1. How about B:K146: which aspartates and glutamates have a C-alpha closer than 20 Å to its C-alpha, ignoring those fewer than 8 places off in the same chain?
2. Could you name the aspartates and glutamates in cross-link range of B:K7, using Cα to Cα under 19 Å and dropping any fewer than eight places away on the same chain?
3. From Cα coordinates alone, what are the radius of gyration and Dmax values for chain A in angstrom?
4. Compare B:W43, A:W83 by solvent-accessible area with a 1.4 Å probe and give them largest first, with all protein chains kept in place.
5. For segment B:1-133, what does the alpha-carbon gyration tensor say about shape, rounded, prolate or oblate, given a ≥ b ≥ c as the root eigenvalues, a/c under 1.5 as rounded, and a/b over b/c as prolate?
6. Taking each residue of A:19-30 in turn, how many C-beta atoms of other protein chains fall within 10 Å of its C-beta, and what is the average?
7. Averaged across the residues of A:126-132, what count of C-beta atoms belonging to other chains lies within 10 Å of each residue's C-beta?
8. Compare B:T42, B:T112, A:T181 by solvent-accessible area with a 1.4 Å probe and give them largest first, with all protein chains kept in place.
Amino acid sequence: MEAPPVTSMPVTGGAVNMMEYLLQGSVLDQALESLLHRLRGLSDNMDPETFTDHELVYLLKGQQGNPFILRARRSLSHPTSPWHLRYLGQPEVGDKSRHALVRNCVDVAASHSLPEFLNEMGFRMDHEFTANGHIFRKGVMKIVVSKLSRILVPGNTENTERLSLSYLVELSVLAPAGQDTVSEDMRSFAEQLKPLVHLEKIDPSKQRH
Amino acid sequence: MQQREEKQLEAAVESLISRVAHVKNALHSFIYKLENEYERLTWPSVLDNFALLSGQLNTINKLLKNEKTPSFRNQVIIPLLLSPDRDEDLAKLTELRVPVFSHEIVPDYLRTKPDPEVEEQEKQLSVEAARIGPEVAQKQIQTLNKLCSNLLEKLNNPRDDRDSETAAIRQSKPSFNPADTNALVGAVAFGKGLSKCRPPGPVAPGHPGQGPMMSGGPTLQQVTIGGGSVQQAGMGGPVAPQQQGQPGRRPGELGKIPSSIKTNIKSASGSMHPYNR
């Protein structure tokens, strides 16, 4: 059974119905340098950009089953920058003709009082983690290579433990709904990263167990 | 007897001239190519030209060292007449390179010894060489040989190392691990492997000690377990009306959630509802 086509999903409050096209993969720590080297060659000329972020995932439980999820992110390396609030819709992976996972995506910048605000609205934090790594760009494509760490003491981003011996690699594009041609570009870019990294559309629901 | 020697000399000079003419022609055509066809000239053909020149020079060397060739060293050339005037015959003979046979140029063209400066340098070097005893010289030669062989070894070995390294990377060393990919994707999607570090959570007032499940309500993982396992079961189920504000809900999911989880969610979410306070 397929979810209803993403294009028909209602997004309230956003002027444009933006979709995130996503491919995911991972690279072992020891192969990271080779990957970064290749990405530097493949992506647009720019200064290498690194980041250290703290992400908090909030849930709002309604009367019915599935909770409403919002992701709040802040930069640890630039503490004065605004927070980033993101809503991600249900991922759609079924369409074989599309080479990337597609999901609804709403991004908003927020002030530093975002956690308090969400708490007041009834959201509760479900989990948090830190991500640090590198960002590359190629046209509209964004490539993020990041190390995920779990936070050992809640709220203390200094005290973390890495989640695995690999870096998460994500290739994503934000585009208005229905522009499936971007997934073609993404696939050809992903081809160029083989055999270092295999970027695929991964159904997150299959990773639940 | 003398006649025979003279004939030999003549023949030797003759063949030397023809060989030199060959070298000259080769040089000529090479220079022409470099100047006029440098756009189409490929490196291999440049190398071919060099090989040709070096071959011809080699032949000349062989010819000079040949036993049958009389020693040109024993022949003496004496300038009989020097003149500051232009000599048309000479110019024609030398392709306009030497138009005048004068005092200025004769010492250069008929020189058999090196330049005075070069001679001076050579003298210094031989003095230097004589100063060092043969033992010291032998020692220096050995040191130099050792250095050279070490360097050669270093230059040759890294190539092997590098080759084996790249081969190893290509063959056996995987650069990624699918299990890690799944773990990381699970973590960013719904906090798999992260939730155990969840803060104790805001316990709803008035509901203390309702068990671990209740404190803070169901987590994302716990909730989605129900949703995930139902996706196949819901195939032919009754189609529930689409809930507003819950985009992407699969029809049929509602009625199929295992009852225990459902109750948990309900009671928890009921107590957690923000607007109940």
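The values are calculated or read from the model by the stated rules, or taken from the named source; none is laboratory data. Keep in mind that what you see is a predicted model, and the values were worked out from it rather than measured. All Cβ positions, glycine included, derive from the backbone under ideal geometry; neighbour counts span all protein chains shown. Ligands, DNA and RNA are stripped out before the accessible areas are found, and what is left, the full protein with its side chains, is counted by its heavy atoms. Shrake-Rupley method; radii C 1.70, N 1.55, O 1.52, S 1.80 Å.
1. Within the straight-line cut-off, B:K146 pairs with B:E135.
2. B:E67
3. When restricted to the Cα atoms of chain A, Rg and Dmax are 17.5, 51 Å.
4. Descending accessible area places them as B:W43, A:W83.
5. It comes out rounded by the Cα gyration axes.
6. Across the residues of A:19-30, the mean count of other-chain Cβ atoms within 10 Å is 3.
7. What the average comes to for A:126-132 is 6.
8. Putting B:T42, B:T112, A:T181 in descending order of accessible area: B:T112, A:T181, B:T42.
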